[in-house]
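These notes concern the structure reproduced below.
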Amino acid sequence: MLLSDKAKKVFVFKETFPESAAKEHAEKKKMDAFGTLTKLKFWDKPKEEEIINTGVEKRFEPFWFVKARRRVEFRRSTKYSVPITNLDAKIINVNGEEYQPRDFPLRVITIDAVETCAKEIAHESFLDGMKDARKTRDHQEYLKRYRPEEVEKPEGEEFLKPEVRGAYLIQEVTSKIAKAVDADEIIADESEIESMHLYYRPVFAFEYTWSSKGKIGIVEVDGLSGEVFGNGQSFKKYMGKISDREVLFDIGAEALNTFVPGGGLAVKIISVATK
């Protein structure tokens, strides 16, 4: 599988929803900071005045876009049924071979043939970079509505290092394109990752403290759409300066030779410099 340097890109979305507006939205949903179940409890429900904003964290969360294509050339044996419209024809000669038409159910001759074929298998997908099962956002919608800026690497400690690494992306996309091909002979089989793009989107995380209980909850506000998510979380442990661009696209030794069970496709990642 070919993975060129030009396929690896990093993009950053600038916030369209300022922090002041985000805080207004968060205040309206601060009861959601402690989960839906807390809101439904009549006997142990916080009062508005008990929930105090005690901090804010602005961060950029990652998500991936990966696009791959597999091109296979192969040969396979087959049979062609050729209709014979001339009712007077008793024997058909094709390149020195004689065929006698079969009259039922149709008047045809059957010819042995070898097909030389070319097949393309493509796959593309988006994947949350933080393995956050709570978030099922339509990442493609961000690209439709907002224009990100391409950067060499993120600058600043507010950018989260992805939990989902390049090695996982390689295995994921390989499993999608490693489909069995009905062939007698494989002439050529080449795969390429055409795009491995890492996107960063802005998020505001407002910390709220339930003063009488000493509990802490998080309300997240999308810095692009303004959408509010209760029962959020802090990602401070993932925050820190990203020292090297290649860290973001780290494939790892485990993905250099990846075998997909049932697929029969051995994958070798080749990094092609384009500088």
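Residue-by-condition table, conditions (1) modelled with pLDDT of 75 or more; (2) surrounded by fewer than 16 Cβ atoms within 10 Å (Cβ to Cβ):
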residue	(1), (2)
35	no, yes
39	no, yes
47	yes, yes
50	yes, yes
55	yes, yes
64	yes, no
67	yes, no
70	yes, no
message: Taking the conditions exactly as written (aromatic (Phe, Trp, Tyr) and either closer than 19 Å to residue 7 by Cα or in contact with a Pro (Cβ under 8 Å, 6 or more places away or on another chain) (or both)), does residue 146 satisfy them or not?
response: no
query: When only residues in the range 189-227 that are closer than 30 Å to residue 117 by Cα and not small (Gly, Ala, Ser) count, which is surrounded by the fewest Cβ atoms within 10 Å (Cβ to Cβ)?
result: 190
- prompt: Which of the residues spanning the range 142-197 are among the charged types (D, E, K, R), touching a residue at least 60 places away in the same chain (Cβ under 8 Å) and part of a helix (DSSP H, G or I)?
  reply: 145, 172, 176
statement: The number of residues in the range 76-112 that are of a type in the set (Gly, Ala, Ser), surrounded by fewer than 10 Cβ atoms within 10 Å (Cβ to Cβ) and in a strand (DSSP E or B) is 0
- request: Mind telling me which of the residues 208, 142, 200, 168 ends up being touching a Phe, Trp or Tyr at 6+ places or on another chain (Cβ under 6 Å) and not charged (D, E, K, R)?
  value: 200
message: Only one of 60, 104 is aromatic (Phe, Trp, Tyr), without any contact (Cβ under 8 Å) to a residue 12 or more places away in the chain and more than 30 Å from residue 188 (Cβ to Cβ). Can you tell me which?
response: 104
message: List pairs: first residue in the range 82-100 and over 13 Å from residue 111 (Cβ atoms), second residue assigned to a loop (DSSP other than H, G, I, E, B) anywhere in the structure, Cβ distance under 8 angstrom, at least six positions apart or on different chains.
response: 85/107; 87/107; 89/101; 90/100; 90/101; 91/100
statement: Subset of the range 1-22, residues under 12 Å from residue 201 (Cβ atoms) and at pLDDT 90 or above, comes to 11, 12, 13, 14, 15, 16
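The values are calculated or read from the model by the stated rules, or taken from the named source; none is laboratory data. Because the structure is a prediction, the values reported are computed rather than measured. Ideal geometry is used to build each Cβ from the backbone, glycine not excepted, and the neighbour counts take in all protein chains shown.
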